[in-house]
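Each remark here refers to the structure printed beneath this line.
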Amino acid sequence: MNRYRVVAGASGALWVAIAGAVALVAIGLFLWIGQPFGTINDIALLVMTMSLGPVMLAHYELGGVVPLWPARLSLAGAVAAVAGWSLLQLAFVLGIVDFDYERAATGAFAVSCLLQVVIGLWIGGASLLAGRWLPATVRALGIVAGLGTVFMSIGLLLGGMNHTLTWVGGIGYQVVLPVWAFLLGRVFRAHAGSDGDIEPAGLPA
């Protein structure tokens with residue numbers, strides 16, 4: 001086990017949790033007051049998603065029940081999706097591209113949603129297929145967060161912010177995901193300081 005990756009994952013998970021909490025408060029204030037809380041929400045979501053990169057690497061490091069090469073391909077695809085989504089989100093924050101949340105996603109916004117589906121599938125799938133090191137509660141929260149991210153993204157693709165799937169999935173994305181990340185970070189920290197029995201990445205638990 002590469003403990004540096006697990007420690008980095010613990011730090012990344014904490015940032016996911018903090019940024020996710022900020023985003024949740026900001027979107028509530030935006031719906032009530034308006035700007036600048038919409039921009040704060042957008043920036044917080046950017047930080048949250050970028051911080052998922054080291055979380056993914058640490059999750060892979062601790063292992064699961066997927067054979068090595070499928071696990072590596074899944075990790076590579078998820079990290080690429082995080083990078084692509086983050087670049088598009090940064091372009092949106094800087095005003096280079098425009099996202100119309102009131103209508104079904106098109107153009108750069110549709111690409112962003114598709115990348116978010118990949119991220120959500122990884123969160124849910126990695127949680128489901130993790131080794132014995134992942135507690136059942138954190139595993140279940142990861143599955144819910146992943147599915148919520150997928151459903152929200154599909155809702156945006158189908159009808160924008162007002163689609164039912166967007167609101168239902170948004171609970172998993174903006175509420176459950178930060179809680180999952182916070183608890184996962186605690187698990188990472190515990191294993192980073194332990195010599196316990198951990199399955200190698202990509203091998204059966």
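Structure above, values below:
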read-out	value
Contacts under 8 angstrom Cβ, first residue in segment 35-61 being in a helix (DSSP H, G or I), partner among the hydroxyl-bearing types (Ser, Thr, Tyr), 6 or more apart	Leu46/Ser86; Thr49/Ser86; Met50/Ser86; Pro54/Ser11
Any hit, segment 25-47, residues being at positive phi and surrounded by fewer than 18 Cβ atoms within 10 Å (Cβ to Cβ)	yes
Among the residues listed as Leu75, Leu134, the single one being closer than 20 Å to Ala8 by Cα and in a loop (DSSP other than H, G, I, E, B)	Leu134
Check on Ala104, part of a helix (DSSP H, G or I) and not acidic (Asp, Glu)	no
Qualifying residue in segment 59-66 (condition: farther than 18 Å from Gln89 by Cβ and among the charged types (D, E, K, R))	yes
Qualifying residue in segment 116-123 (condition: more than 19 Å from Gly142 (Cβ to Cβ) and hydrophobic (A, V, I, L, M, F, W, C))	no
Number of positions in segment 62-76 that are exposed (fewer than 15 other Cβ atoms within 10 Å of the Cβ) and without any contact (Cβ under 8 Å) to a residue 60 or more places away in the chain	2
Residue in segment 78-85 that is closer than 19 Å to Val138 by Cα, modelled with pLDDT of 95 or more and surrounded by 22 or more Cβ atoms within 10 Å (Cβ to Cβ) present	no
Residues of segment 62-71 satisfying the condition of being of a type outside the set (Gly, Ala, Ser) and part of a loop (DSSP other than H, G, I, E, B)	Val65, Val66, Pro67
Among (1) under 23 Å from Ser112 (Cβ atoms); (2) part of a helix (DSSP H, G or I) - the single one Gly9 does not satisfy	(1)
When residues of segment 129-153 are limited to those that are of a type in the set (A, V, I, L, M, F, W, C) and touching a residue at least 40 places away in the same chain (Cβ under 8 Å), the one farthest from Arg103 (Cα to Cα)	Trp133
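Matching residues to (1) assigned to a helix (DSSP H, G or I); (2) at pLDDT below 95; (3) within 21 Å of Ala76 (Cα to Cα):
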| position | (1), (2), (3) |
| --- | --- |
| Val111 | yes, no, yes |
| Leu114 | yes, no, yes |
| Leu121 | yes, no, yes |
| Gly124 | yes, no, yes |
| Ala140 | yes, no, no |
| Phe151 | yes, no, no |
| Leu156 | yes, no, no |
| Gly160 | yes, yes, no |
| Gly169 | yes, no, no |
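The values are calculated or read from the model by the stated rules, or taken from the named source; none is laboratory data. Remember, predicted model here, so these are calculated numbers, not experimental data. Virtual Cβ from ideal backbone geometry, glycine too; neighbours counted across all protein chains shown.
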